[in-house]
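The values are calculated or read from the model by the stated rules, or taken from the named source; none is laboratory data. Treat the numbers as computed from the prediction; the structure is a model and nothing was measured. Here the Cβ positions follow ideal geometry from the backbone for every residue, glycine too, while neighbour counts run over all protein chains shown.
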Amino acid sequence: MKKKLKQVKACLMATVLLAGLMTANFGVASVKAETTDSTEEYGGGNISMPWDENVPVADDSLTVEKVDELINSESDDEDDELLHNDKSKYVPTGEIESAYPASCYTQTAILEHLKKYAPPSRNQSPYGTCWAHACVALAELYAINQQGADRDNVDYSERHLARYTLGYGEPHMISDAESGDTLTFEDSGVNCSNITDDDEIAILMRGGNAGEAAQALMRWRGFASESTAPYPTNKSSDTKPISPKVYWNKTTTYSDEQRLENCYIINIKENPDIVKRYIKEYGGVYATFHATDGISNIYGLEFNYENNCFYEPVKKDINHAIAIVGWDDNYPKSNFHNTPETNGAWLVRNSWESTTTPKFGYDTYFWLSYCDKSLAESAYAFKLQDKNEWKDNNYYYNTQYCGISSYSGSGYKAANVFVANSTSDKEVLESISFNVLMGSVPYGGEGYTVEIYRGLNEGADPDSGILASRQQGTIPFKGTYTIDLDAPVILNKGERYSVIVELDGGTVDLEPGLFSSSDICTMDAGCGAEGQSFLNDGWTWNDNKKNFCGNWCIGAQTVDMPSLAAVAGSDYKSVNLSWNAVKGVSGYELRRSQKSNGTYTKIASLKSSVNSYTDSNITKDEKYYYKLYRVVDGKVDERYCPEPIEVYAGEPFKIEYPLKVGGKKVTDINAGNVFGDSDCKVKYDADNNTLTLNGYAYAGKDPAIEYTGDAELKIEVVGNCFIVPGGSYGIKSSKGALRFSGKNALQVSCSKDGSNAIYSVGDITIESGGLYVDAKKNGIYTYGDVIVKGGKVEAKGEVGIHMFGNVSINISEGTVTAKGIGDNGVGVKAVGNLTITSNGTIQAQGGKTGILCESGNVSLAGEGTIQAQGDETGIFCDNIISIKAGEVNATGSVQAIEGKVVNAILGAGWTDTEGKNGKSLIPISEEKKELSYKKVQFSEELASVTTTVNFKVVNGSWDDGETKDKVVKIEGFEGDVLKLSADNIPAVGTKPSDGYKEGAWDIIPDTTTEITKDITYTYMYEKQETSVVPTTEPTTEPTTEPTTGPTTGPTTEPTTGPTTEPTTEPTTTPDITRDKNDISPSNPVKVDEIEKTIFSIKDEKDTK
C-alpha cells in the first residue's frame, strides 16, 4: 500500500507542477483602448491552461436539453446509445441554421438582433481583463436570452470577478455561506480588507481564464452587480489613486446577482454544432485566440478593416478572450486578407470599446474565420442557476486557484467531509458540486456516482456513517458541475457528513493549497486540515493531509430550515410562537392543525423580517400543532414538510408518557384512569410500562393505542375489548416492542383501505388470551419477530402477517392462523429471511400464497405443525427453503412449494392437492431441488415401504441376452399402493435355448396389479415338438428333372422307388406339451418330467 501511495503522490505532484507553471503560456496583448494610445502594451489577457489543450471530442448530436438530462439522471438504454463510441451512428438532432442571428449579407438584421439580445459593449482598458469581460458577457447574455432580462439594465462587475477569481488575500475557509458572517474561518495571515492600489493593479494585470473564473463562481463569488465593484477607469499613481475605491469585505464577496450552475468546455474545432446550439440557447460562448492590433507583419494583415473580419493563418500563442455570439457558414473566405481554406466565420464580441449601440469593428463585433490557426480548441458555455433554486449555504475547501490536478484510472473515490454549521438547527442538502477541469472525459461522456453519508464520527472514514443519498449520471464535457440530488438529505446542526464522488475514469480536481505567487503576494495556507479530504484507491481511505497536500474541488449546497418554538400563554387562551430567521426567503407561512397528521390550515403570512407570532384563536385544554413554511419569491416552499410542533393549551403536567389511548395523551395526571370513567377501562402503570384494558371499546379515527417509547409496552387484557378504528392503524408502536397477555380476547378490526390492525417496529409477543385482528391491508405489520407463548392468534388482511428484515415466528405453545384475503392474499409475507419455529400450530392461508418470502431464505423447524395453503402456491421463496424438523404441510393448485428446497426430514409429494395421486418419496437431501408437486408433506414419523420383485427365465435368456435373475425394488410409504411400471418388466421371448421356442410367464406381470409382498415371476420357453416317421433308404444321388417349358420357378422332382428297409416304428415318449393357457402355479411343469423326456430322446437316438 505504501509503495502504491508513493507512486500516486509522484504522479500528483508532476501534474500540480504542470498546472503551477501555467504562466508559461501567458500572452501579452496589444489592443486598442478607448482612453489610451492604440499601441499601448500592458500585461494580462487570457492565460491558457492545461485543460484548454486536447479538449475531448463529444457526440455532435448532443443538444442543450440532452446534456441537462444526462447530468442529472441515471443513464438508461437511450443514454447508452448516446454514449456509444461509434460516432458514425449519430446524426445531429434538429437542423442548425447556416447563419445566426442572420447572414453576414444582412448586417442590419444582425445589429438589430444584438440591440435586443446582447448587452452594451464594455471596454477593458486600461487593464488585461479580457477574460473577465468575456465571462461577464456570457452571464449578461444568459440573463437576457434565458431569463428575459432587459439588456440595458444588465451590468455585472468584471472587477469583482477578477478579484475573487485570483483570490488575493482570500481566507482559507472551513465552510462558507452566503453572508459568511457567522461561520468559522481559518485566517491565512493576510488582512483581506486592506488591499492596496498596487495589489489591485496586480490582480487586474495578471490575466486569467474562464476555467479559473468558473471555480470562483462555483463558490458564489459573483456575478456581482457593477455597482458593487465598479470597473476602474484609470491606473493608480502616487498622486492619483485607483478609482473608484472598493472596500473589500465579506459582504462585497457575496453580493452576487447571478450564480454559475455549470461550466462546459467544448471542442470548437471538432464539435462546432454543439457550440452553435449553446450560442443560440445561452446567447454566447467564451473563446480565445491570438489578437493583433492590425498592423502588418511577416504573416500579413490578420484583420481586414473593410470587411471587419479576422484570420490568422499561422498558429500562435493565445493571448485574448472574446465572446462568440453568432456564426455564418457561408461567410466568404474571399473577405479575408489571407484566404482561409473554407468559407465560414464566427461572430465575435470584443471588449475594447464601450458603446450602447452595437456596431461592427475590431473593438466591438467582427467576424473570425472558422479556419483561424490561433483559435484555441476550447470554448466555454456558462449555465446560470435560476434564482428560485438558489441555496443558503455552500460548503467547500478549495478557496483559491493555485494549480489543480486529478488522478486517472478507474476505482478511485474522492471525498470531502463537512460539518453542518449554519445558524439554523436543520439544513437540507439539496445539491453537490465538483470540478473536472483536469480530467479526461471520453467520447460519450464520463459516468459519475455521488454518495452522501451522514452521522459520521470525527476522524472516521467518509463512508462510515449512514448512506442517505446515492445518485448516478453522466458528464458529457470537462468543466464544473452542480448535481441536484434526487433524494435531498436533512442535516442537524453540528452533524458531520460526507460527499463522495466517483468517476468512471479518474477523480475530480484536487487543489493542492496556496503557495507563493510573486506577481501578487506571498502566503501559504498549508495543505488543508486532517479530516477534510480523503482518497479511496480501491482498497482503503487515506486522509489527504497525511499523504499529500490538497483538498478536493467538491462542494455541498444546503437550504436552511426555520426552527419553530411554541408555548401556551399564561391564561391558556393563546399560543406564542417564535423561530430563527433564515436566509434566502421572502417570508413565512404559518399553518395549524389539531391533529399531528391532520390537515394544516394557514393562519398567517409573515414577512421575512418577522420571527414571532401569537395565535389567539384557540380553546383552552386543547392540543394544537403548528408548521412553519419558507416563502421564496412569493411562493410557499413545500418541498420539505417541516416537523409539526405540539402545544397543549392547558394546565401543564409534570410527566408526559410516550403513549396515547384513543388519541388521548397519557400523563402522570390521568395514568391511573386514562378516561376517568367509573369502570376504569384503561389504566397505565408507568413503573412496569403496562397498559391494562378492561372492556375497552374504541371507534375513533386515531389509533386505539399509539406508543412511541423505546422499552417494550405490556398490554394486559382483563376483559374482552373491541377496537374498530376508522384510521390507518388499530394499535401502533413506532419504536418499542409490544407484549400481549391476559385471559380475555382483544379484537381489532380496521376497515379503511390500506389500514393495519397492529403495526410495530419491534417484536410482538403473545403470552396468553386471544388476539383477533383484521384489516384491509395487513393484519399484523412488523419489523420485529412474532413470538407466541400461548393463547390463540388470528390475523387477517390482504396479508395476514407482514414482516420486514431478518425475522422469525416462534411458537412455543398455542396456535396462529394467518389469512390473506382476496385474489392476491398472502397468509405470511416476509421481506428478508424468515424463520418459523413451531412447537404449536401455525396455519398460513392465502388467496394466492400461504407463505411468501421475498429477498431472503425460509427456514421451517420445531416439533409442531406448519401448514401453508394457497390457491396458487403453498410456500413461495425466491431463494432457499430449509425444512429441518416438525410436520410441514403445503398445498397449492399451481405448486405446493416453489423455491430451492433442502430437507433434513423425509417427505412425500403428490400430483394433486388432495393427496390421492402420484405420490412420491422426497428423500432427505442437502442438495437444493425444485419440487413440482401440488401437495407435500414432511414428517419425521413418515415410514417407508419397499417390496422386492424377482424375475426368472428358464430354457433361454432375456431379450438382452442375460440369463440371471432380474431384481426390482419398489419403494413408497406405508399405506401407498405399490405397482410395477412398464420399465420394471424385462423383455423376453426372443432368445430360447436350442430345441425351445417362445414360452410364457407362470404369472403374467402387469402395471395394474398391487404388489403387497415380495414375489417371483418366471418365464419358461417351450420345448419344440418332435415327430417320429418311417425312414427310407435314400438313393445314392438325388435326381433333379429339368423343367420343360416356361415356369414360374425351378421345380425339383422327388426321388421315386421303394426304400431298401422298412420304416421303423417311432418310440413313444412322455407328453410334456401343454396348452399355453394351462400354465399356472397350480399346474406347473416338473423338472424330473423334463429330465425323463430328455433322456428318453437321447436313448432313442443312440439306438438308431
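A residue that is under 18 Å from residue 882 (Cα atoms), in contact with a Phe, Trp or Tyr (Cβ under 8 Å, 6 or more places away or on another chain) and of a type outside the set (A, V, I, L, M) occurs nowhere in region 809-823.
Results for (1) of a type outside the set (A, V, I, L, M, F, W, C); (2) free of Cβ contacts under 8 Å to residues at least 24 places away in the same chain; (3) at positive phi, shown as yes or no for each residue.
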site: 557; (1), (2), (3): yes, no, no
site: 560; (1), (2), (3): yes, no, no
site: 576; (1), (2), (3): yes, no, no
site: 591; (1), (2), (3): yes, no, no
site: 606; (1), (2), (3): no, yes, no
site: 620; (1), (2), (3): yes, no, no
site: 628; (1), (2), (3): no, no, no
site: 640; (1), (2), (3): yes, no, no
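Scanning region 830-871 for residues that are more than 12 Å from residue 816 (Cβ to Cβ), assigned to a strand (DSSP E or B) and hydroxyl-bearing (Ser, Thr, Tyr) turns up 835, 849, 859.
Selection of region 437-483 for residues being touching a helix residue (DSSP H, G or I) at 6+ places or on another chain (Cβ under 9 Å) and among the aliphatic types (A, V, I, L, M) yields 437, 438, 475, 483.
With respect to (1) touching a Phe, Trp or Tyr at 6+ places or on another chain (Cβ under 8 Å); (2) in a loop (DSSP other than H, G, I, E, B), the lone exception for residue 913 is condition (1). Note on region 700-741: among residues that are in a strand (DSSP E or B) and β-branched (Val, Ile, Thr), the one that is surrounded by the fewest Cβ atoms within 10 Å (Cβ to Cβ) is 718.
Could you please find all residues in region 431-446 being surrounded by fewer than 19 Cβ atoms within 10 Å (Cβ to Cβ) and not aromatic (Phe, Trp, Tyr)?
Filtering region 431-446 for residues surrounded by fewer than 19 Cβ atoms within 10 Å (Cβ to Cβ) gives 440, 442-443.
Selection gives 440, 442.
Can you give me the number of residues within region 567-590 that are of a type in the set (Asp, Glu) and under 17 Å from residue 641 (Cα atoms)? Spell out how you get there, then give the answer.
Applying the first criterion (of a type in the set (Asp, Glu)) to region 567-590 yields 571, 589.
Among the residues that remain, those that are also under 17 Å from residue 641 (Cα atoms) are: 589.
Qualifying residue count, region 567-590: 1.
If you scan region 973-1008, which residues turn out to be of a type in the set (Asp, Glu), touching a residue at least 40 places away in the same chain (Cβ under 8 Å) and under 27 Å from residue 1025 (Cβ atoms)?
The initial filter retains those residues of region 973-1008 that are of a type in the set (Asp, Glu), namely 974, 976, 983, 994, 998, 1002, 1006.
Within this subset, residues satisfying the condition of being touching a residue at least 40 places away in the same chain (Cβ under 8 Å) are 976, 1002.
Selection gives 1002 alone.
Considering region 979-996, and only residues there that are under 60 Å from the mean Cα position of the chain (by Cα) and surrounded by fewer than 14 Cβ atoms within 10 Å (Cβ to Cβ), the residue that is nearest to residue 1009 (Cα to Cα) turns out to be 981.
So, residue 753, is that one modelled with pLDDT of 95 or more, farther than 16 Å from residue 683 by Cα, within 34 Å of the chain's Cα centre (by Cα) and surrounded by fewer than 21 Cβ atoms within 10 Å (Cβ to Cβ) or not? No; evaluated as a whole, the condition is false for this residue. In region 919-929, the condition of being buried (at least 16 other Cβ atoms within 10 Å of the Cβ), in a loop (DSSP other than H, G, I, E, B) and not assigned by TED's automatic domain parsing to the domain that holds residue 981 is met by at least one residue.
Out of 980, 921, I need the residue that is in contact with a Ser or Thr (Cβ under 8 Å, 6 or more places away or on another chain), at pLDDT below 90 and of a type in the set (A, V, I, L, M). Which one? Matching residue, one of 980, 921: 921. Note on region 642-652: residues that are more than 13 Å from residue 564 (Cβ to Cβ) and assigned to a loop (DSSP other than H, G, I, E, B) total 4. Of the residues 633, 621, the single one that is surrounded by fewer than 15 Cβ atoms within 10 Å (Cβ to Cβ) and touching a helix residue (DSSP H, G or I) at 6+ places or on another chain (Cβ under 7 Å) is 633.
Looking at residue 873, is it buried (at least 18 other Cβ atoms within 10 Å of the Cβ), in the same structural domain as residue 846 (by TED's automatic domain parsing), touching a residue at least 40 places away in the same chain (Cβ under 8 Å) and under 21 Å from residue 838 (Cα atoms)? Step through it out loud before you land on a result.
Working: buried (at least 18 other Cβ atoms within 10 Å of the Cβ): yes; in the same structural domain as residue 846 (by TED's automatic domain parsing): yes; touching a residue at least 40 places away in the same chain (Cβ under 8 Å): no; under 21 Å from residue 838 (Cα atoms): yes.
No; evaluated as a whole, the condition is false for this residue.
Every residue, every condition in (1) more than 24 Å from residue 321 (Cβ to Cβ); (2) of a type outside the set (Phe, Trp, Tyr); (3) under 51 Å from the mean Cα position of the chain (by Cα); (4) surrounded by 21 or more Cβ atoms within 10 Å (Cβ to Cβ), yes or no:
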position: 95; (1), (2), (3), (4): yes, yes, yes, no
position: 100; (1), (2), (3), (4): no, no, yes, no
position: 103; (1), (2), (3), (4): yes, yes, yes, no
position: 106; (1), (2), (3), (4): yes, yes, no, no
position: 110; (1), (2), (3), (4): no, yes, yes, yes
position: 116; (1), (2), (3), (4): yes, yes, yes, no
position: 119; (1), (2), (3), (4): no, yes, yes, yes
position: 128; (1), (2), (3), (4): no, yes, yes, yes
position: 136; (1), (2), (3), (4): no, yes, yes, yes
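Say whether the condition of being out of contact with any Pro (no Cβ under 9 Å at 6 or more places or on another chain) and without any contact (Cβ under 8 Å) to a residue 12 or more places away in the chain is met by at least one residue in region 595-602. Looking through region 595-602, at least one residue is out of contact with any Pro (no Cβ under 9 Å at 6 or more places or on another chain) and without any contact (Cβ under 8 Å) to a residue 12 or more places away in the chain.
Going through region 76-118 one residue at a time, which ones are of a type in the set (A, V, I, L, M) and at pLDDT 50 or above?
First, pick out the residues of region 76-118 that are of a type in the set (A, V, I, L, M): 82-83, 91, 96, 99, 102, 109-111, 114, 118.
Matches in region 76-118: 96, 99, 102, 109, 110, 111, 114, 118.
Restricting attention to region 876-900, the residues that are hydroxyl-bearing (Ser, Thr, Tyr) and surrounded by fewer than 24 Cβ atoms within 10 Å (Cβ to Cβ) add up to 2.
The residues listed here are 969, 997, 964, 991; of these, the one that is at pLDDT 90 or above, out of contact with any Asp or Glu (no Cβ under 7 Å at 6 or more places or on another chain) and not in a loop (DSSP other than H, G, I, E, B) is 969.
Restricting 759, 781, 772 to those that are part of a strand (DSSP E or B), surrounded by fewer than 24 Cβ atoms within 10 Å (Cβ to Cβ) and either out of contact with any helix residue (DSSP H, G or I) (no Cβ under 6 Å at 6 or more places or on another chain) or free of Cβ contacts under 8 Å to residues at least 12 places away in the same chain (or both) reduces the list to 772.
Restricting attention to region 599-609, the residues that are loosely packed, with under 13 Cβ neighbours inside 10 Å and in a loop (DSSP other than H, G, I, E, B) total 2.
Name the residue, out of 786, 773, 831, 807, that is over 35 Å from the mean Cα position of the chain (by Cα) and either assigned by TED's automatic domain parsing to the domain that holds residue 900 or aliphatic (A, V, I, L, M) (or both). Before you say what the answer is, go through the steps one by one.
Values: 786 fails: over 35 Å from the mean Cα position of the chain (by Cα); 831 fails: over 35 Å from the mean Cα position of the chain (by Cα); 807 fails: over 35 Å from the mean Cα position of the chain (by Cα).
Exactly one of 786, 773, 831, 807 is over 35 Å from the mean Cα position of the chain (by Cα) and either assigned by TED's automatic domain parsing to the domain that holds residue 900 or aliphatic (A, V, I, L, M) (or both), namely 773.
The residues of region 568-579 that are modelled with pLDDT of 90 or more and surrounded by fewer than 20 Cβ atoms within 10 Å (Cβ to Cβ), listed by number, are 574, 576, 578.
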